[in-house]
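The values are calculated or read from the model by the stated rules, or taken from the named source; none is laboratory data. A quick note: this is a predicted structure, and the numbers were derived from the prediction, not measured. Backbone-built Cβ (ideal geometry, glycine too); neighbour counts: all protein chains shown. The accessibility values were calculated without ligands, DNA or RNA, using every heavy atom of the protein model including side chains. Shrake-Rupley method; radii C 1.70, N 1.55, O 1.52, S 1.80 Å.
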Amino acid sequence: MTLTILILLPLVGALVTAFVPGGLARLVGLGFAAATLVAGIVAATQYDVGGGMQLTETHTWIESLGVHYALGVDGLGLLMVLLTVVLVPIVLLAGWRESEAEGNGGARAFFAWTLALEAMSLAVFTATDVLLFYVVFEATLIPAYFLIGGFGRTGRGRAATKFLIYQLAGGLVMLASVIGLYVVSADTGSPSFLLSDLAAIDIDPTTQRWLFAGFFIAFAIKAPMFPVHTWLADTTEKATTGTSVLLVCILDKIGTFGMLRFCLGLLPDASQWATPFVVVLALVSIIYGALVAIGQDDVLRLIGLTSLSHFGFIVLGIFVFSSTGGAGAILYMVNHGIATALMFLVAGFLIQRTGTASIREMGGVEKTAPVLAGFFLVAGLAACGLPGLSPFVSEIMVIIAAFDHHWLVGSVAVLAIVLAAFYALWMYQRTMTGPGREGVAPVVDLDRREVGILAPLLLALVLFGFFPMPLLDVINPVVHDTLAGVGIAQDAKEAGHQ
């Protein structure tokens with residue numbers, strides 16, 4: 001029941017928060033988020049790092065169709081659960097004063113929808129029945145839509161609609177593959193949507209390819225990847241920074257999570273068949289995202305586009321089919337969530353003070369707000385993979401695996417590091433250095449509350465930058481099992497990288 005409780009806590013919290021008096025909404029919402037964090041930590045203490053699906057629950061849901069309410073986590077699912085339960089309280093604290101400006105009704109709605117999104121995300125990361133996964137996968141769109149459309153800047157309604165259209169289109173394509181899996185399992189005489197049952201079925205290569213296409217398209221939109229990424233920049237530009245953290249650092253991870261769980265886990269032959277195409281697509285995303293980010297004036301749009309490049313790295317690590325690449329990809333999922341959350345939240349504090357998201361209208365911030373500038377610099381250096389910060393470890397692992405795959409793939413991936421340094425440092429230079437804006441009051445530095453909100457993210461960047469093994473100890477068994485299912489054994493050379 002551990003995972004069920006983990007999902008129910010924020011779901012109940014969302015309902016309670018939606019109906020309590022406005023003045024209590026923030027306290028109640030934060031209380032349920034904190035309780036969910038504690039439940040997530042308890043679940044982690046019960047997990048054996050040796051690997052395998054654990055904390056499992058299986059109950060018949062629709063017997064005639066072989067549908068089950070089935071939950072469980074392996075190392076991948078556990079890390080996504082922990083990332084989710086850690087980031088949500090931070091987002092709520094960061095948006096505390098921002099939600100006050102919306103009035104009690106606005107605060108109540110923001111906190112309630114955030115908890116609802118947390119509950120649905122946790123259900124996605126723990127579902128071990130394909131139909132259950134699909135249901136909660138689609139359910140995440142409801143709170144996400146209202147968070148984007150209800151809070152943020154002018155034009156947010158259009159951004160929310162664009163987000164919803166893209167995601168629904170991907171979901172419909174995936175539904176075809178979900179139905180296809182049911183037909184395949186029904187042909188065995190024992191229909192089932194359980195991942196364990198489906199993984200044991202020998203699906204012919206042609207059918208695998210059609211099923212793979214449906215899942216991959218949906219997950220590429222969710223991740224996102226080029227060319228189905230255009231909703232991303234519009235969303236991060238118009239939504240609040242807290243909402244952007246929820247979408248980019250948590251919800252979008254469902255895309256790469258699904259590629260590992262469904263594409264490689266259930267359709268290994270098709271995944272290998274599609275590897276050349278996916279690797280090229282990942283490289284295009286890496287380079288295109290970095291190049292387009294360089295030319296942005298809106299700081300939130302810029303940060304959103306950097307994630308296009310980073311998700312390209314994650315997908316590349318997954319589809320080079322090596323233990324080093326796979327471990328680097330999963331580690332990148334965690335590190336990206338931490339680093340990008342820090343960058344979004346610092347940018348949000350900066351925008352609150354300057355009243356603008358335009359980079360060209362900023363400048364000289366470090367003179368009057370050195371602490372804010374310091375956090376912003378660390379976040380930018382993490383985005384470009386500075387050694388000593390956690391994204392460097394995952395990035396170098398993916399690049400090593402890319403060179404092992406093909407020297408040209410590795411060479412293109414390395415180019416992105418140069419581009420990342422350019423957009424990160426140029427963004428810092430234009431916003432933080434130089435003269436301040438004439439006729440505008442100096443930017444006030446971060447207060448203790450804001451520093452306390454950001455400090456855990458900064459600590460995690462440094463801690464896992466120098467000591468990533470606690471994460472890799474959880475990740476490596478997942479990668480080993482996934483590659484074994486694909487039919488690729490870990491060799492001694494790759495083991496040496498880890």
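The apolar share of the surface of the range 229-372, taken as the fraction of accessible area on carbon and sulfur atoms (1.4 Å probe, ligands and nucleic acids excluded), comes to 60 percent. As a rough guide to protection, the peptides 455-461, 239-245 ranked by mean Cβ packing within 10 Å, highest first, stand as 239-245, 455-461. Magnitude of the charge dipole for the range 6-109, about its Cα centre and with charges confined to Cβ atoms of Lys, Arg (+1) and Asp, Glu (-1), is about 320 debye. For the chain, the membrane-span-like helices by this rule, meaning whole DSSP H stretches whose C-alpha atoms cover at least 24 Å of axis and whose Kyte-Doolittle mean is -0.5 or above, are 2-19, 22-45, 75-94, 103-126, 156-186, 205-222, 275-294, 299-319, 323-354, 407-432, 448-466, 469-486; this says nothing about an actual membrane. Solvent-accessible surface of the range 256-382, averaged per residue with a 1.4 angstrom probe and all protein chains in place: 22 square angstrom. Computed from point charges on the beta carbon alone (+1 for Lys and Arg, -1 for Asp and Glu), the dipole magnitude for the chain about its Cα centre is near 1420 Debye.
Using only Cα coordinates, the Kirkwood hydrodynamic radius of the range 262-321 works out to 12.2 Å.
Cα centroid separation, the range 352-369 to the range 141-214: 41 Å. Note that the chain, at 10 °C in a medium of 1.306 mPa s, gets a Stokes-Einstein diffusion coefficient of 70 µm²/s from its Kirkwood radius over C-alpha pairs. So what does the Cα-only Debye profile of the range 213-266 read at q = 0.25, 0.26, 0.29 Å⁻¹, as log10 I(q)/I(0), no solvent term? Per q value, in the given order, log10 I(q)/I(0) is -0.92, -0.96, -1.08.
Ranked by the mean number of other Cβ atoms within 10 Å of their residues, highest first, the peptides 120-129, 422-431 come out as 120-129, 422-431.
Near Leu194, the amide H atoms lying under 5 Å from its own belong to Val130; only residues 5 or more places off or on other chains count, and H is placed 1.01 Å from N. Model label sites at Thr161 and Thr206, defined 7 Å from Cα along the beta-carbon direction, differ in position by 4.3 nm. Scoring 75-88, 294-307, 163-176 by mean Cβ neighbours within 10 Å over their residues and listing the highest first yields 75-88, 294-307, 163-176. Counted residue by residue at 0.36 nm each, then reduced by the alpha carbon distance between them, the extension gain from Leu291 to Glu361 reaches 23.0 nm. Across the chain, C-alpha contacts under 8 Å between residues 6 or more apart give a mean separation that, scaled by the residue count, equals a relative contact order of 14 percent.
Dipole orientation for the chain: of the candidates Asn476, Ala218, Ala200, Ala218 has the Cα lying most toward the positive pole (charges on Cβ; Lys, Arg +1; Asp, Glu -1).
Of the options Leu389, Met362, Cys249, report the single residue whose Cα projects farthest towards the positive end of the charge dipole of the chain (beta-carbon charges: Lys, Arg +1; Asp, Glu -1). Working it through, the farthest residue towards the positive pole turns out to be Met362. Fully extending the segment from Ala176 to Ile142 would add 10.1 nm, taking 0.36 nm per residue of separation and subtracting the current Cα-Cα distance.
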